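Beneath this line is the structure, given in structure tokens, with notes to follow.
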Amino acid sequence: MLLIPCPNCGSRDETEFHYGGQAHVAYPENPTELNDREWAEFLFYRDNTKGAFAERWLHSTGCRQWFNMLRDTVTYDIQAVYAMGTPRPATTGPAASEPGTASTAADSTTTGNAAPSTSSSSTTAPEGATK
Amino acid sequence: MANTAAINGINGLRDIRRSPASHLAAALEAGSIQGTVVLNEGPFQTMAGVRVDPRSEEGARIAAVTGGLPARCGDVAGTDRVSVLWLGPSEFLVVAPEEAHDSLGGDLIGSLVAALGEAPGQVVDLSANRTTFELSGPRARAALEKGCALDLHPRSFTVGTALNTEIGNIPVVLQKTGEESFRLFPRASFADFLGRWLLDAMREFASPEVP
Ligand SMILES: [Zn+2]
């Protein structure tokens, strides 16, 4: 259970919040000019950061306000909480320089051979378990 | 304003109005342990949801009607008749006795609507949205602590404050009305669940404490 410091209400249990995905994904200035691939990338493609990650959270059972949070996806350490619309604060936490943060490597999450074992194991699911 | 006719129409139905936990009345009475922890459903209240920027002119007009707006999380403003609970930086719950409702001779909703005027914000009659449970007694806090992660110790949760949180995994507004008394505002559809959950939490206090 994360203890999340809501900027309005103070520390509350994670169950009072909803996750809003990656922060700072700007809406395209001219959506009509995007081709299908660019539109798909705007809608669905997100970073899969190992380390400090800027994300949006909603305090849904409390003040019902959105805010941004800088959270380490490895240690779950919450490094900063800041208002929507403000830029991401500089990471000072040790996690930023950790050796394992190479999620931008070209082959990290794509294509066949490198597929993580968890996804291949889904093919062994019993008949009828998947549709 | 446009709903005045509808409100007057409801007036004739007042006699057959049933509160969301009325079917639990006997169970609440049986499950209460006098002098230890007592639970009952409170009377109907007039409630209004208000969304307004408290620093604006319209915010000041609303505050003049309610007797102030709470400034931060936990604060409760108002008068002895009207309480204004903080739900968010620009969202408040106004709670008053049932007679304050416009359909019963009061003028609370109408005055709030008039105070907001055409300014940005909203005033919504939420009198049927939530019910109230009143939980009191020396073990009231112990019962709540079984399903509420907030620090309910009196040094942290003081009389006259209210918090929007979760109790028994459902969203509830929890108000501390006295040293050993609490008022819980669950939504109507959660009233049955919360009533039974509290009865279960209170049950152990009927037996002598095991050292
Ligand atoms: Zn909050």
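The values are calculated or read from the model by the stated rules, or taken from the named source; none is laboratory data. The structure presented is a predicted model; accordingly, all values stated were derived computationally and were not measured. For neighbour counting, all protein chains shown are included, and Cβ atoms are generated from backbone atoms with ideal geometry for every residue, glycine included. The protein model used for the area step is the full one, side chains on, heavy atoms only, and it has no ligands, DNA or RNA in it. Shrake-Rupley method; radii C 1.70, N 1.55, O 1.52, S 1.80 Å.
So, in segment A:32-63, of the ones that are polar (S, T, N, Q) and under 19 Å from the mean Cα position of the chain (by Cα), which residue ends up farthest from the ligand (Cβ to nearest atom)? Give the derivation first.
Here is the first cut: in segment A:32-63, the ones polar (S, T, N, Q) are A:32, A:35, A:48-49, A:60-61.
Keeping just the survivors that are under 19 Å from the mean Cα position of the chain (by Cα) gives A:48-49, A:60.
Values: A:Asn48: 28, A:Thr49: 25, A:Ser60: 9 Å.
That would be A:Asn48.
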Could we say that A:Met84 is more than 16 Å from the ligand (Cβ to nearest atom) and within 14 Å of chain B (Cβ to nearest Cβ) here?
-> no
Sort out which residues of segment B:191-211 are surrounded by fewer than 20 Cβ atoms within 10 Å (Cβ to Cβ) and not charged (D, E, K, R), and write them in order of number.
-> B:Phe193, B:Trp197, B:Leu199, B:Phe205, B:Ala206, B:Ser207, B:Pro208, B:Val210, B:Pro211
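Among B:Glu118, B:Glu145, which is at pLDDT 95 or above, within 14 Å of chain A (Cβ to nearest Cβ) and over 17 Å from the mean Cα position of the chain (by Cα)?
Answer to the selection: B:Glu145.
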Within segment A:5-27, which residues are open to solvent by less than 70 Å² (accessible area, probe 1.4 Å) and either away from the ligand (no atom under 16 Å from the Cβ) or acidic (Asp, Glu) (or both)?
-> A:Asp13, A:Glu14, A:Glu16, A:Gly21, A:Gln22, A:Ala23, A:Val25
Output the number of residues of segment A:28-51 satisfying the condition of being of a type in the set (Gly, Ala, Ser) and exposed (fewer than 12 other Cβ atoms within 10 Å of the Cβ).
-> 1
Considering only strands (runs of 3 or more DSSP E) fully contained in segment B:49-151, which possess at least 1 residues that are within 16 Å of the ligand (Cβ to nearest atom), open to solvent by less than 30 Å² (accessible area, probe 1.4 Å) and touching a residue at least 12 places away in the same chain (Cβ under 8 Å)?
-> B:83-88, B:91-97
Could you tell me whether segment B:152-162 includes any residue that is assigned to a loop (DSSP other than H, G, I, E, B), within 14 Å of another protein chain (Cβ to nearest Cβ) and either surrounded by fewer than 16 Cβ atoms within 10 Å (Cβ to Cβ) or at pLDDT below 95 (or both)?
-> yes
